[in-house]
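Trainee: My structure is below; once you've seen it, I'll send some questions.
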Amino acid sequence: PKETVLLEGQMPPGCVTHPDLSFDAKRILFSFCDHRETKSQYRRFLIYEAALDGSWVRQVTGPSKDPLDGWGGRVTALIEDYDPCYLPDGGFAFITTRSQSFGRCHGSRYVPTYMLFRGELDGTGIRQLSFGEANEWDPAVLHDGRIVYTRWDYTDRDPEKFRDLWTMNPDGSGQMVLFGGMG
């Protein structure tokens, strides 16, 4: 194998995380935080896409087609986008703070929650898929096209030991626990 540095010379200094390979193995989605922002509280992760041959990189969330709107026009937390995954219908799913909800177990400290959203790869059509009350993470696509993800549920259990696997259709319908409760 020959190493290819995909982002060399194409991105400013920053942090890359959560890559996802396209179904045709020609592109990759990832989260990126630009470190040129001098105030760390304003640094944010957004979604980018790159060609696996290193020929191009483009921003998917956050450009002019994506107004970074919070739920109901509210923006009480910095909007950040993480964990992208390609969907079989040509769109992508990701987690984000766009719902502008917060974790209730943090007392008076405002800690935003991450909900599952989807969008088109040109940055349009971004909409919320899940409406839970606690963080969701790590979306991926199952062999039948459904999205599988983890959800942190408050169900009077020790929150550090129980994270359920949930599934949904790419349009947000059919949400259910994958194998029943884990508690």
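Trainee: Each label point is 7 Å from the Cα along the Cα-to-Cβ direction; what then is the distance between the points at residue 65 and residue 148, in nm?
Mentor: So the label points at residue 65 and residue 148 sit 3.1 nm apart.
Trainee: Take the Cβ-Cβ distance between residue 124 and residue 23 as r, set R0 to 30 Å, and report the resulting FRET efficiency rounded to the nearest 0.05.
Mentor: Working: r = 21 Å, r/R0 = 0.68.
It comes to 0.90.
Trainee: Using only protein heavy atoms and a 1.4 Å probe, report how much of residue 65 is accessible, in Å² to the nearest 10.
Mentor: Roughly 120 Å² of residue 65 is accessible to a 1.4 Å probe.
Trainee: So, one more: Using DSSP to call loops (not H, G, I, E or B), can you name the chymotrypsin sites (Phe, Trp or Tyr not before Pro) in the stretch 4-34 whose Cβ has at most 16 other Cβ atoms within 10 angstrom? Each step should come with its number before you reach the end.
Mentor: Details: sites: 23, 30, 32; in loops: 23.
When the chymotrypsin sites (Phe, Trp or Tyr not before Pro) of the stretch 4-34 are filtered for loop state and at most 16 Cβ neighbours within 10 Å, 23 remain.
Trainee: Please label the shape of the stretch 1-151 as rounded, prolate or oblate, based on the square roots a ≥ b ≥ c of the eigenvalues of the alpha-carbon gyration tensor (a/c under 1.5 means rounded; beyond that, a/b larger than b/c means prolate, else oblate).
Mentor: On the way: a/c = 1.87, a/b = 1.31, b/c = 1.43.
Since a/c reaches 1.5 but b/c is at least a/b, the shape of the stretch 1-151 is classed as oblate.
Trainee: Can you work out the FRET efficiency for the pair residue 34 and residue 8, with r the C-beta to C-beta distance and R0 = 22 Å, to the nearest 0.05?
Mentor: So, using R0 = 22 Å, E works out to roughly 0.85.
Trainee: Now for a separate question. Please give me the summed charge of the neighbours of residue 51: other residues whose Cβ is under 15 Å from its Cβ, Lys and Arg +1, Asp and Glu -1.
Mentor: Charge balance in the 15 Å sphere: -2.
Trainee: Here's something else I'd like to know. Count neighbours as other Cβ atoms within 10 Å of each site's Cβ, and list the GluC sites (Glu not before Pro) in the stretch 1-91 that are DSSP loop with at most 14 such neighbours.
Mentor: In loop regions of the stretch 1-91 (DSSP not H, G, I, E or B), the sparsely surrounded GluC sites (Glu not before Pro) are 3, 8, 37.
The values are calculated or read from the model by the stated rules, or taken from the named source; none is laboratory data. Keep in mind that this is a model prediction, so the values were computed, not measured. Heads up, the Cβs are rebuilt from the backbone with ideal geometry, glycines too, and the neighbour counts pull from every protein chain shown. Ligands, DNA and RNA are excluded from the accessible area calculation, which covers all protein heavy atoms including side chains. Shrake-Rupley method; radii C 1.70, N 1.55, O 1.52, S 1.80 Å.
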